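Structure record follows, encoded as structure tokens.
Bear in mind that the values in this text are calculations on the coordinates, not laboratory data. Only a predicted model underlies this, so the values are computations on that prediction, with no experimental measurement involved. When we count neighbours, we look across all protein chains shown, and the Cβ atoms used for this are built from the backbone with ideal geometry, even at glycine.
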Amino acid sequence: MDLLQSIILGAVQGITEFLPISSTAHLVLVPWFFSWKDQGLPFNVALHVGSLVAIIFVFWRDWVHIIGEFVRSVFKGSFDGRPNGRIGLYLIIATVPGGLAGFLFEEQAVGVLRNPLSIAFFLSAFAILLYLSDRFSKKRKSVTDMNIADCLIIGLSQALAIIPGVSRSGVTITGAMMRGFKRDEAAKFSFLMAAPLIAGAGVFELRHLDPASVTSTPFIAGLLTSAVFAFLAIKFLLKFVRSASYTVFVIYRLALAMIIATLYLYKG
């Protein structure tokens, strides 16, 4: 992979990881549109690590409170009076389904599910679910109001993100809004949930990488680009959804699905 391609893919990953439009789908589609060689799942995960840096940077104060209260709660044997510690517990629980899905269905994620028509279908189907949850849910709760049922449902929804086109942020935001969370609070928990999952996937997939490639200029450039654009995407979405709905992303997903299907049939 040359330097320009890695920078473009890093920017695509950074932007699309946190907007509810499916980063995996875009990392498959961009090479397909331009007839580039598919960079493969390990490089995708490496770009996700750049996004992880952005999550830690944006929410570092939250992480300090969450980790600190979680550790104190464990030693005290109780989470009473420590809402951030309870959030830490919920983040661990919510990560398990997604981690298991990635471990059990990695082969399918790399193979048949990366077909453009499959991506177009899931972009459309989960766009409709995002719209319905945004349109009809009560949207009253904040992250500190979360309970175990909320945590389990949002965690199970994250497991579906192994499918390209679903969108990890999109499906977890959908699940959170279905449980009555405000738009920006749903996005915040979705972003926090991404950290342990991306970290785990990054460590797991490093076994596939050639050690020499990790220090190459294109690899490093892709990671840095992903981190910068992920930071901007997080800041943008949290501000945007405080005063607007997710409809613009629904429209984008449906339009992209139509373009994919048209090009696929034209090419094929």
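Below, the figures for the structure above:
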read-out: R0 of 51 Å, Cβ-Cβ distance Phe33-Val71: FRET efficiency to nearest 0.05; value: 0.65
read-out: Expected 222 nm ellipticity per residue - DSSP helices of 4 or more, -39500 (n - 2.57), all of the chain, to 500; value: -25500 deg cm²/dmol
read-out: Under the span-like rule (Cα at least 27 Å along the axis, Kyte-Doolittle mean at least -1.0), DSSP H helices of the chain; value: 40-58, 83-104, 116-136, 183-205, 217-240, 247-267
read-out: Proximal lysines to Lys188, defined as alpha-carbon separation beneath 18 angstrom and excluding residues fewer than eight positions away on the same chain; value: Lys138, Lys139, Lys141, Lys235, Lys239
read-out: For Phe18, net neighbour charge (Lys/Arg +1, Asp/Glu -1) across residues whose Cβ lies under 10 Å away; value: +1
read-out: Pairwise label distance in nanometres, Arg61 with Leu224, each label 7 Å out on the Cα-Cβ vector; value: 2.9 nm
read-out: Inter-site label distance for Phe236 and Asp145 at 7 Å from Cα along Cβ, in nm; value: 2.9 nm
read-out: Computed E for Ser243/Asp80 - FRET, C-beta separation, R0 25 angstrom, nearest 0.05; value: 0.10
read-out: Convex hull of segment 121-219 built on C-alpha atoms - directionally averaged projected area, nm²; value: 7.8 nm²
read-out: Around Ser245: net Lys/Arg minus Asp/Glu count, Cβ-Cβ under 9 Å; value: +1
read-out: Residue-span extension gain [Tyr266 to Leu104] - 0.36 nm each, minus C-alpha spacing; value: 54.9 nm
read-out: Nonlocal amide H pairs with Lys141, under 5 Å, H built at 1.01 Å; value: Phe181, Lys182
